[in-house]
1. Restricting attention to the range 86-97, report how many residues are touching a strand residue (DSSP E or B) at 6+ places or on another chain (Cβ under 6 Å) and at pLDDT 95 or above.
2. Could you grab me the full set of residues in the range 47-81 that are among the β-branched types (V, I, T), open to solvent by less than 100 Å² (accessible area, probe 1.4 Å) and at pLDDT 60 or above?
3. Under 8 Å by Cβ, and 6 or more places apart or on different chains, what pairs join a residue from the range 61-78 that is farther than 18 Å from S115 by Cβ with one that is open to solvent by 80 Å² or more (accessible area, probe 1.4 Å) and assigned to a strand (DSSP E or B)?
4. Being at pLDDT 95 or above and either over 16 Å from A78 (Cβ atoms) or not hydrophobic (A, V, I, L, M, F, W, C) (or both) is the requirement here; does A121 meet it?
5. Looking at the range 176-205, which of the residues that are among the β-branched types (V, I, T) and more than 17 Å from N162 (Cα to Cα) is modelled with the lowest pLDDT?
6. Does the range 34-46 contain at least one residue that is touching a Lys or Arg at 6+ places or on another chain (Cβ under 9 Å) and either at pLDDT below 90 or assigned to a helix (DSSP H, G or I) (or both)?
7. Checking the structure you have, find out if any residue of the range 20-29 is surrounded by 11 or more Cβ atoms within 10 Å (Cβ to Cβ) and either at pLDDT 75 or above or of a type in the set (A, V, I, L, M) (or both).
8. Is it fair to say E154 is of a type outside the set (S, T, N, Q), part of a helix (DSSP H, G or I) and loosely packed, with under 14 Cβ neighbours inside 10 Å?
Amino acid sequence: MGRRNIPEVNAGSMADIAFLLLIFFLVTTTFEVDSGINRKLPPMPPPGVTPPIIKQKNLFTVLVNKNNDLLVEEEVMALGDLREAAIKFLDNGGGTNEKGEPCNYCEGDRREDSSDHPNKAIISVRNDRETEYGTFISVQNELVGAYNFLRNREAQDLYKMNYTAMDSIASNPQTSEQLKSDLKAKMEVIKEMFPLKISEAETNN
């Protein structure tokens, strides 16, 4: 009686299947990306140079406690009212800038107890360690929204185009270098009028 041949398993196709599965998982897998806040930090003062003294009226304080409640200028405030309050502070124009120039483009109430000039106005944000991250982001969005509102207003007045639209076009890789250069020059003018100054103070314990 002859020996029975043991069937062989063709392993060549297994490598192809494994390779296809690898490609499938690479294509379909999503990677979680941590979101963050785009913020350009102010430069450190040179050694030996004393930082300028900031008057209290040029400082807009926003405190967020562990219960996610807002205390704005020592008064309880709803998140929905924060943007309008920040706009009034930034746009007050109650005095002059460092050069002694008044804010001719400001449309605020020009109160003596509020900010002198947008170039002097600083928003200070402080949160508790137990503050929810979502609340912190929402507060930041409202404050940046206040700056964008004022920048859009001035950009429309000067260039008949929103600042946010200019920023979006300038950031598009398909935009020509000439147009990018032109838009960035205009954006710098607007940013000088309302410079974004948001200070994230030390977190409360």
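1. Of all residues in the range 86-97, those touching a strand residue (DSSP E or B) at 6+ places or on another chain (Cβ under 6 Å) come to 89, 96.
From what is left, the residues that are at pLDDT 95 or above are 89.
Total satisfying the criteria: 1.
2. Residues satisfying the conditions are I54, T61, V62, V64, V72.
3. Close Cβ pairs (under 8 Å, with a partner that is open to solvent by 80 Å² or more (accessible area, probe 1.4 Å) and assigned to a strand (DSSP E or B)) amount to L63/R126; V64/R126; D69/V76; L70/V76.
4. Working: at pLDDT 95 or above: yes; either over 16 Å from A78 (Cβ atoms) or not hydrophobic (A, V, I, L, M, F, W, C) (or both): yes.
Taking the combined requirement at face value, the residue satisfies it.
5. My answer is T203.
6. Restricting attention to the range 34-46, the residues satisfying the condition of being touching a Lys or Arg at 6+ places or on another chain (Cβ under 9 Å) are 42.
Then keep just the ones that are either at pLDDT below 90 or assigned to a helix (DSSP H, G or I) (or both); that gives 42.
Looking for residues that are touching a Lys or Arg at 6+ places or on another chain (Cβ under 9 Å) and either at pLDDT below 90 or assigned to a helix (DSSP H, G or I) (or both), one finds at least one in the range 34-46, hence yes.
7. Of the residues in the range 20-29, the ones surrounded by 11 or more Cβ atoms within 10 Å (Cβ to Cβ) are none.
Checked the range 20-29: no residue is surrounded by 11 or more Cβ atoms within 10 Å (Cβ to Cβ) and either at pLDDT 75 or above or of a type in the set (A, V, I, L, M) (or both).
8. Values: of a type outside the set (S, T, N, Q): yes; part of a helix (DSSP H, G or I): yes; loosely packed, with under 14 Cβ neighbours inside 10 Å: no.
Judged against the criteria, E154 is not a match.
The values are calculated or read from the model by the stated rules, or taken from the named source; none is laboratory data. Please read these numbers as outputs of a predicted model, since none were measured by experiment. Neighbour counts are summed over all protein chains in view; Cβ atoms, including those assigned to glycine, are modelled from backbone coordinates with ideal geometry. Just so you know, the surface numbers come from the protein's heavy atoms only, side chains and all, with ligands and any DNA or RNA stripped out. Shrake-Rupley method; radii C 1.70, N 1.55, O 1.52, S 1.80 Å.
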